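The values are calculated or read from the model by the stated rules, or taken from the named source; none is laboratory data. Note that the structure is predicted; figures quoted are calculated from it, not measured. Virtual Cβ from ideal backbone geometry, glycine too; neighbours counted across all protein chains shown. Just the protein is used for accessible areas: all its heavy atoms, side chains included, with ligands, DNA and RNA removed. Shrake-Rupley method; radii C 1.70, N 1.55, O 1.52, S 1.80 Å.
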Amino acid sequence: MEPNFRALRKEFPLLERKTYLNSGSYCALANDVKRAFEAYMEDRLLVGANWDVWVGKNESVRALTAALLHAAADEIAVTASVSAGLNALASALDFSGPRNKVVVSDFEFPTNAQIWHAQEPRGARVVHVPRAADGYIPLENFAKAIDERTQLVAVTHVCFRNGAKLDIAGIVRLARAKGAMVLLDCYQAVGSMDIDVKALDVDFAAGGMLKYLLGTAGIGFLYVRDSFARSLVPTNSGWFAQAEIAAMDITANRPAPNARRFEAGTPAVVNCYAAEAGLKFLLAVGTPAIEKRNYALTRRCMQRLEEIGWPSVTPTEDERRGATVAVPSRHSRGLAAELMKRDIVTSHRDDNIRASFHFYNDDDDVERFIEAMNALRASFGPR
Ligand SMILES: Cc1ncc(COP(=O)(O)O)c(C=O)c1O
């Protein structure tokens, strides 16, 4: 049975005041998540420090993230950010031999290129896969870049600039054929669609809780395939990455026998409360139903943009896009500001504004957006 999206919408008070199309930057706050923040404050006021509860919240986030990705809890590191997870992973890789190449795409969020460029003094060679004339990155372009010298293919699932979704299964096949590992930056996808890291067969996946996962900033995850979670040894470490956290042993580094070895220090406790509530809410709605709804909303939005003569630059095929519709503008910052004056919240990147949809949006949101865009087209249309 389809979830009652109309009722769920009421759990996000912001939506009474704003047409909120900005979940690709930061989600709307759910009542449950607000209550979780409050519960943290209550616990601090009434109990003070409650170590067992705090560690329990971190473990709960780990278990819920595992359920979300169809992975095992032992394969999940709870991190402070995508960047923190990627740095821990990079620290475990050896670029001194002939397999020193890291392949990234033109669609990457900066952090998933900068961190690999930061490994250049350690021997890494970073190769960028370019987009084709139509703006998409076809598999042929990855095939040209991935070779026997490739150690890692580090790619985004959905591009933060234009909402295009890459053919991850195809990229994994190319990587496997050359013996390379694959890291998926799924931050712009996770929570907006169903992601099965086992079906995709990626080795690593990183994301965070503040966008489609309904949580907050300052907490994320790194999925590490079981075999690598036991064999890779990060040199970015800390006491929470140890096999026995309570051992307090200062004589050696003894990494946990699972993905926890990619963690570092004390968890961001208040963020764990919020992330737990967000993940529980999202899992109760169900990612397959959310995915279906988001495709329907983005499809409708793109059709309506065509009708008003201001087409988006996001691919029209469902298998090539996520939950963001990017619309070109000659002054994207000004357009986002004008929309904001009309209580329509979007974001802008480069020459596009981004309208990101989540299950709590509806067709009326699409219409309000289209009506405003129609009125603003003469001043803010594409170059
Ligand atoms: C695709 C993608 N990757 C990574 C990041 C940044 O992650 P973090 O700030 O958690 O390092 C973002 C943030 O917007 C993103 O959209």
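Some observations on this one:
- Restricting attention to the stretch 146-191 and to residues that are small (Gly, Ala, Ser) and open to solvent by less than 10 Å² (accessible area, probe 1.4 Å), the residue that is nearest to the ligand (Cβ to nearest atom) turns out to be Ala189.
Okay, residues lined up against (1) in contact (Cβ under 8 Å) with a residue 24 or more places away in the chain; (2) open to solvent by less than 20 Å² (accessible area, probe 1.4 Å):
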| site | (1), (2) |
| --- | --- |
| Pro255 | no, no |
| Asn294 | yes, yes |
| Pro311 | no, no |
| Pro328 | yes, no |
| Leu335 | yes, yes |
| Tyr360 | yes, yes |
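- Flag: Ala66 does not match the condition of being open to solvent by 20 Å² or more (accessible area, probe 1.4 Å) and either part of a helix (DSSP H, G or I) or among the aliphatic types (A, V, I, L, M) (or both).
- Of all the listed residues (Val127, Val78, Val104), the sole one being closer than 30 Å to Ser312 by Cβ, within 13 Å of the ligand (Cβ to nearest atom), in contact with a Ser or Thr (Cβ under 9 Å, 6 or more places away or on another chain) and modelled with pLDDT of 95 or more is Val104.
Residue-wise test of (1) over 29 Å from Glu148 (Cβ atoms); (2) in a helix (DSSP H, G or I); (3) within 16 Å of the ligand (Cβ to nearest atom).
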| position | (1), (2), (3) |
| --- | --- |
| Phe37 | yes, yes, no |
| Tyr40 | yes, yes, no |
| Asp43 | yes, yes, no |
| Gly48 | yes, no, no |
| Lys57 | yes, yes, no |
| Ile115 | no, yes, yes |
| Ala132 | no, no, no |
| Gly135 | yes, no, no |
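- Subset of the stretch 300-309 (residues that are surrounded by 15 or more Cβ atoms within 10 Å (Cβ to Cβ), in contact with a helix residue (DSSP H, G or I) (Cβ under 9 Å, 6 or more places away or on another chain) and more than 14 Å from Asp362 (Cβ to Cβ)): Leu305
- Yes/no for Val270 being of a type outside the set (Lys, Arg) and either open to solvent by 30 Å² or more (accessible area, probe 1.4 Å) or without any contact (Cβ under 8 Å) to a residue 60 or more places away in the chain (or both): yes
- A single entry from Ala71, Ala67 fulfils the requirement of being touching a Phe, Trp or Tyr at 6+ places or on another chain (Cβ under 6 Å), away from the ligand (no atom under 16 Å from the Cβ) and in contact (Cβ under 8 Å) with a residue 12 or more places away in the chain: Ala71.
- For the stretch 192-205, taking the residues that are in a strand (DSSP E or B) and buried (at least 24 other Cβ atoms within 10 Å of the Cβ), the one that is farthest from the ligand (Cβ to nearest atom) is identified as Phe204.
- Matching residues, the stretch 33-47, being open to solvent by less than 60 Å² (accessible area, probe 1.4 Å), closer than 24 Å to His358 by Cβ and acidic (Asp, Glu): none
- The single residue among Ile219, Ile245 that is open to solvent by 10 Å² or more (accessible area, probe 1.4 Å), under 21 Å from Asp74 (Cα atoms) and either modelled with pLDDT under 95 or within 16 Å of the ligand (Cβ to nearest atom) (or both) turns out to be Ile245.
- Only one entry of Arg320, Arg349 meets the criterion of being at pLDDT below 95, open to solvent by 10 Å² or more (accessible area, probe 1.4 Å) and within 17 Å of the chain's Cα centre (by Cα), and that entry is Arg349.
- When the residues of the stretch 80-105 are filtered to those that are in contact with a Leu (Cβ under 6 Å, 6 or more places away or on another chain) and open to solvent by less than 10 Å² (accessible area, probe 1.4 Å), the one that is farthest from Asn141 (Cα to Cα) is Gly85.
- Considering each residue of the stretch 89-96 in turn, none proves to be over 30 Å from Asp43 (Cβ atoms), within 16 Å of the ligand (Cβ to nearest atom) and under 16 Å from the mean Cα position of the chain (by Cα).
- The one condition in (1) free of Cβ contacts under 8 Å to residues at least 24 places away in the same chain; (2) touching an Asp or Glu at 6+ places or on another chain (Cβ under 7 Å); (3) of a type in the set (Gly, Ala, Ser) that Ser227 fails to fulfil: (2)
- Number of the exception - Ala71 against (1) under 21 Å from the mean Cα position of the chain (by Cα); (2) open to solvent by less than 10 Å² (accessible area, probe 1.4 Å): (2)
- Near pairs, Cβ below 6 angstrom, 6+ apart or cross-chain, from the stretch 93-108 (under 29 Å from Ala132 (Cβ atoms) and among the polar types (S, T, N, Q)) to any residue that is modelled with pLDDT of 95 or more and part of a strand (DSSP E or B): Asn100/Arg125; Ser105/Val129; Ser105/Val155
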